[in-house]
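Notes to accompany the following structure.
The values are calculated or read from the model by the stated rules, or taken from the named source; none is laboratory data. Because the structure is a prediction, the values reported are computed rather than measured. As a convention, Cβ positions derive from the backbone with ideal geometry for all residues, glycine included, and neighbour counts pool all protein chains shown. Only protein heavy atoms, including side chains, enter the accessible area calculation; ligands, DNA and RNA are left aside. Shrake-Rupley method; radii C 1.70, N 1.55, O 1.52, S 1.80 Å.
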Amino acid sequence: MAGYEGEPERAWDEYQWERFLQQQEGKAEKYMQLLEEYLDDPQRDEIIAREMGWTQLLDARDWGAELDALTFALTIWIDHLFDRNASLPNEPAAVKLATQAALANAKLAAALSSDSLSEIGMTIAYLKRALKAITISMDAAAQLQKIAGLVTRSQYAVLRQRLFQVRDGIVTLMGKYRCEWRRRFGPESFRG
């Protein structure tokens, strides 16, 4: 990533990328800690945005911010589902569902946490990772639904709807950034 933090325009070597990815992992950890700490706070979104330095989320609610909020709401809904059913934490499919939904939330937050138009390729890569985590969550939800008595039919219907909303939102946002990439760099520059 040329030009990152004032560095001259040149290709990064593996060590520079490693340092950058470690910083991003640290941000994802901080986000997850804040999410856990302020889970029940009515001002949690504003608190987390302020703590993470996401001033653009405090100033303007764009579509990406709405998707981020939707993914956050999905994670909270799954947490409440676990609170209502003591058997879920013991079920591997349920744990996979919760873990992957939280991971999707963190990856989406990482994608939208900076001036995403300055590093479109990185943003798309994070969105792809968020999409993969949501897809795994969808598979885990389908597995969970097959186990009698763990989730009701209506709970599964709501869960499935929310997962599809997040998935569709990520796909739409990826399309937006890919179009911007093509506009800036030409259609032949896109390999995706």
How many of the residues in the stretch 87-105 are open to solvent by 10 Å² or more (accessible area, probe 1.4 Å) and either at pLDDT below 90 or among the hydroxyl-bearing types (Ser, Thr, Tyr) (or both)? 2
Looking at this structure, is Thr71 surrounded by fewer than 20 Cβ atoms within 10 Å (Cβ to Cβ) and under 30 Å from Leu21 (Cα atoms)? no
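Only one of Arg153, Arg178 is open to solvent by 30 Å² or more (accessible area, probe 1.4 Å), more than 21 Å from Leu34 (Cβ to Cβ), among the basic types (Lys, Arg) and in contact (Cβ under 8 Å) with a residue 40 or more places away in the chain. Can you tell me which? Let's see the steps before the verdict.
On the way: Arg153 fails: in contact (Cβ under 8 Å) with a residue 40 or more places away in the chain.
Criteria check complete, one pass: Arg178.
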Give the residues of the stretch 23-47 that are open to solvent by 60 Å² or more (accessible area, probe 1.4 Å) and touching a residue at least 40 places away in the same chain (Cβ under 8 Å), sorted by residue number. Lys27, Met32
If a residue must be polar (S, T, N, Q) and not in a helix (DSSP H, G or I), how many such residues does the stretch 138-190 contain? 1
Looking at the stretch 110-129, can you tell me whether even one residue there is at pLDDT below 95, open to solvent by 50 Å² or more (accessible area, probe 1.4 Å) and not in a loop (DSSP other than H, G, I, E, B)? yes
Could you say whether any residue in the stretch 158-173 is small (Gly, Ala, Ser) and surrounded by 15 or more Cβ atoms within 10 Å (Cβ to Cβ)? yes
